[in-house]
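First the structure, in the form of structure tokens, and then the observations on it.
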Amino acid sequence: MYITEKRITSSLVTWEMNAIISLCHFCELHGPKILFCTQPFRPQEPRNLYGDDLETNIAHRLKSVSVAPNPSADAHSTPIFSTGSKDQCEGCKSVQTGYVSTDEDAQVSYVSTQQPYNPEVFARIRQACIRSLSSEVCPGREGPIFFGDKQCGHVLSYTFYIPDNQARGMHRWYSILIVMMDKIYLLNSWPFLVPHLRIVIENLQKKASKVFDQEEAKCPQRPLRLGAVVDPNNFIKQRGGNKPARSLQELTGDKSVFRMLHVAFLWILKACGNRITETLLEAPPTEDTIIDMEKQEETEEGFIKLFTRKADDFDSPHEQKESEMRPMEDKELDHTICETEVEDPLAPVVKNLRHLRKILESSNFLSLAHHVVVGNQVIVSGQQRPLVKSILETLKSFLPKGCCRVIPYSNKYEESWKCNFLGLSPEVQLSQHVTSSELFVHIEILPKLNILPLKEVETPLNSWSGPESDASDPDFDGDTRLDDFQFKMSSTVTLPPRVPTVLTRMLMALQNKNLSSEVVNAVFTCLKEEWMNKVKVLFKFTKAGGNRNEEETKKLLQIVGAREEDKQLLKFWITGLSMQYRQHILSTSSHSYKS
């Protein structure tokens, strides 16, 4: 009982969940008993089973067959079929043969029988069954609970009642167990397993309730019991008959109930294994990787984390607002986006940074990239929504993922503390207070026929018409659809004369025609991680090192290889640090102050 590797594809490993799911019940004559169990088998594991193929409708190309014990097998290897009739009653029986379903892609077979065929596994399931129906129960007696140890395995037990008008208390006690040796895996799968086990249980209870109501309508048992005189000689008869227990098929009125449980249990085992993947890392995770992991934790079912920060953790209210709005990157302000319009799949798009540089020309592209890396808001407006989105998506390559807050297309202006990349409909007009107070650069995408002559434009800081695309350029691949558009850029921000060091190195990589797009992307990743390490040093220096004056900060920048023109970039990139690193630095600094 362990987790084995299923397959390796690219950089992801998918794990096969090696656990056993069992249905148990408490018999009034025999105590806790195992009724039904489903477990996976792999080709290298022996199976003393044979049977005739039966086609069933099971998802994921699963093939179900009926199985029976091999009469030539050793007695010690099949203890499930050696149970004596004295130890079983009608309520302790489930299936005489069993079911097996084979996942041909994963080379895994799921076998369902009354008890495990392996004596060691049977002992562990038996012990878990006794504990789940006696001592290990949650408050209220119904619900999930976790228990176990390294020797006997770890157990997720979900206890529940099935109505029965012939039982003590008018119901019988059952439990579904999931037993495996990996404690961490089982606990991390709790949010997935418990809701799906609840669905199976509610289905059983719903069927049993219908049978219970029908029997109560014919012959109510409660009045009979209240009016009867009970003594040791007629105790069993006064409980509704001579049968000490009834089978689950009789209680639910479903002769195929164990077939349904087989399908449900194997789906839970397969789906729970497929939902867990492991990323193989060649080195310590980058800040972008950690940011992605944090987003997954925020959205994964059952593992939603809410990151909160105190106001005194920031230098300014502006920084606080930026951090609070980070989850909006995923939401993308759906209420501002016009969802009724359908995007044209044949609309022109910008493919990469080299493509954008060719369209905008070098000087304008440099100015735009400078705005991006220092955190000024980039506004792109145009009628062609795919083109607007592609420009914003391309510009994100200059920044760490934690610094990107994107609203891809909106019907109203959103302030810079909400997003630093904003796509706008051409009907949206920027108000006077926005143009006078916000730090932004505005790119307008206009059809050639509608562009005003350059002399009639209202004195933007920069204006240009997009150059004719070169069909021979590999970045364009002969695509001339952008020839129908012209671009106009305006900004009230005066940029420093010297660009940040990291941007200079990025532009050098873009200009090197010997480097492929894949190599350029790798260069960008290395440069961003290099400068994020400098950002970490600066963050720790300012947040965890106490009050620092300007002279001390300047000396630190010299040590890490940063210049005066890099200060604005470093301050902005601090907002892209992962929550994990921020919390680590702030917690360690608080402990050091206390000590």
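Reducing segment 412-451 and segment 148-164 to their Cα centroids gives an inter-centroid distance of 59 Å. Legend: calculated FRET efficiency, Glu564 to Lys351, from the Cβ-Cβ distance at R0 = 41 Å, rounded to 0.05, equals 0.70.
Working ranking of peptides 563-569, 264-270 by packing, defined as the average number of other Cβ atoms within 10 Å per residue, highest first, is 264-270, 563-569. The string of couplings for segment 519-536 from the Karplus curve (6.51, -1.76, 1.60, θ = phi - 60°) is 5, 4, 4, 5, 4, 4, 4, 5, 5, 5, 5, 4, 7, 5, 5, 5, 5, 4 Hz, one whole number per residue in order, with x for Gly and Pro. For the peptides 371-383, 123-135, the ranking by mean Cβ contacts within 10 Å, running from highest to lowest, is 371-383, 123-135.
Scoring 400-410, 209-219 by mean Cβ neighbours within 10 Å over their residues and listing the highest first yields 400-410, 209-219. Multiplying each eigenvalue of the alpha-carbon gyration tensor of segment 386-437 by 5 and taking the square root yields semi-axes of 20, 14, 8 Å, largest first, rounded to whole angstroms.
Around Ile268, with a cut-off of 12 angstrom between Cβ atoms, what is the net charge of the other residues, counting Lys and Arg +1 and Asp and Glu -1? Intermediate results must be reported in sequence, preceding the final value.
Working: positive: Arg198, Lys270, Arg275; negative: none.
Residues close to Ile268 contribute a combined charge of +3.
With N denoting the number of residues in segment 90-171, provide Rg(C-alpha) divided by 2.2 N^0.38 Å, to two decimal places.
Normalised Cα radius of gyration, segment 90-171: 1.35.
Taken over the alpha carbons of segment 369-409 as equal point scatterers, the Debye sum produces base-10 log I(q)/I(0) values at 0.21 Å⁻¹ of -0.63. Residues His442, His584, sorted by accessible area with the largest first, give His584, His442 [1.4 Å probe; ligands and nucleic acids excluded]. Here the simple spin-label model places points 7 Å from the Cα toward Cβ, and for Glu550 and Glu518 these points are separated by 4.9 nm. Under 5 Å between amide hydrogens, built in the peptide plane, is the criterion, and for Ser410 it picks out Gly423, Leu424, Ser425 among residues at least 5 positions away or on other chains.
The values are calculated or read from the model by the stated rules, or taken from the named source; none is laboratory data. What you see is a predicted model; the values in this text were computed from it and never measured. Cβ sites come from the backbone with ideal geometry, for glycine too, and all protein chains shown count toward neighbours. Accessible surface areas use protein heavy atoms only, side chains included; no ligands, DNA or RNA. Shrake-Rupley method; radii C 1.70, N 1.55, O 1.52, S 1.80 Å.
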